[in-house]
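As structure tokens, the structure follows; a few thoughts come after it.
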Amino acid sequence: MSRILVFANQQGDGLSSGAKEALLFGSRLASSTGGEVRSVTLGPFAAGGAKEAIAYGASIAYTISNPLLADYDVELFVNSIHSVFQQSGADILILSFDKMGKDLAGRLATRTGASAITEVIDFNFNNDKLSWVRPIYGDKAFGEYSTTRQKVVVGIRQRSQNEEGSDATRKGEIIEVDYTPTEDMIVTKLVVKIQAALADIRLEDARIIVSGGRGIEGPEGFNELQVLANLLGGTVGASRAACDAGWVPSNLQVGQTGAVVAPDLYIAVGVSGASQHLAGITNAKTVVAINTDPEAPIFKRANIGVVGDYKKVIQPLTEKLKKVLV
């Protein structure tokens, strides 16, 4: 019987979409292995998150409501989650492999002496043997992995699970954990930058994304993309090249090493379409590509392609939309 603990990260006073996916994944796993799902929520609104976690499958919801956990700090969160992981007796820790999950997964595995497997989308349980399924080769194939250590930290790929399946009538137990994080655990005081990045619109939740790449040729071009994104009710994203160049913050990066997104509309402006970027937009419903290079890989993924200078496309499109939408 598997003992499963899910870190149910909150966004505001409710669970994040990634946390809901992780909980439902954990519930499927528990049903297959005869196990039980427990959750951990952190911060002043932890009790509310715990109730929601129960609706999404947790039988026991642990909380640490310390006000120090109101804002994300990697060491405080690692220490808190590790403490609950140890006390719960779980051997599987599941969390969303979003920006925060990418920060936490390796540290938690090291702290607990566990194996770590990330970008997981499914599992197999045969003859009492559990294995984990994740995409490989830029989503062109799937690999199946087993771990050798007793404990494992599992990062669930964003947007790989159905978020539906909550039941507000489910009953469970909420337990406030006797653990007190302290300011001495904070390794860095540069939390303002982290908070600002996490406070932005989550790319994972955006329905419309306008992304810029190397072809934007500088930070100024992103101002035009922001205007277009605002008109469409969306947000701005970027390729790794644009982030590495320092044109936009790294939290806007779309791709396998950034945010894995699934918007209704993804507009790629000056984005060549490297394999890691394409892996991040696999589940986008409609992709529009604007690029001067007709051989750019992004056109193989695009539903609509425009070969040309983005300045001659974005500005007229924006002006037209202002007349129609404003």
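The values are calculated or read from the model by the stated rules, or taken from the named source; none is laboratory data. As the structure is a computational prediction, the values presented were derived from the model and not from experiment. Ideal geometry is used to build each Cβ from the backbone, glycine not excepted, and the neighbour counts take in all protein chains shown.
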Determine, yes or no, whether ASP91 is of a type in the set (Asp, Glu), touching a residue at least 60 places away in the same chain (Cβ under 8 Å) and buried (at least 19 other Cβ atoms within 10 Å of the Cβ). no
Within region 157-180, identify whether any single residue is modelled with pLDDT of 90 or more, touching a Ser or Thr at 6+ places or on another chain (Cβ under 6 Å) and among the aliphatic types (A, V, I, L, M), and answer yes or no.
no
Residues in region 28-50 that are buried (at least 18 other Cβ atoms within 10 Å of the Cβ), assigned to a helix (DSSP H, G or I) and either small (Gly, Ala, Ser) or more than 22 Å from the chain's Cα centre (by Cα) (or both) total 4
Of the conditions (1) more than 24 Å from PRO263 (Cα to Cα); (2) in contact with a Ser or Thr (Cβ under 7 Å, 6 or more places away or on another chain); (3) in contact (Cβ under 8 Å) with a residue 60 or more places away in the chain, the single one that ALA19 does not satisfy is (1)
Expected single match for of a type in the set (Phe, Trp, Tyr), over 15 Å from GLY172 (Cβ atoms), assigned to a helix (DSSP H, G or I) and in contact (Cβ under 8 Å) with a residue 60 or more places away in the chain among PHE77, PHE25 is PHE25
All conditions in (1) surrounded by fewer than 19 Cβ atoms within 10 Å (Cβ to Cβ); (2) touching a helix residue (DSSP H, G or I) at 6+ places or on another chain (Cβ under 9 Å); (3) touching a residue at least 12 places away in the same chain (Cβ under 8 Å); (4) farther than 29 Å from VAL254 by Cα are true of TYR62 except (1)
- Tell me, yes or no, whether region 56-73 has at least one residue that is of a type in the set (Asp, Glu) and part of a helix (DSSP H, G or I). no
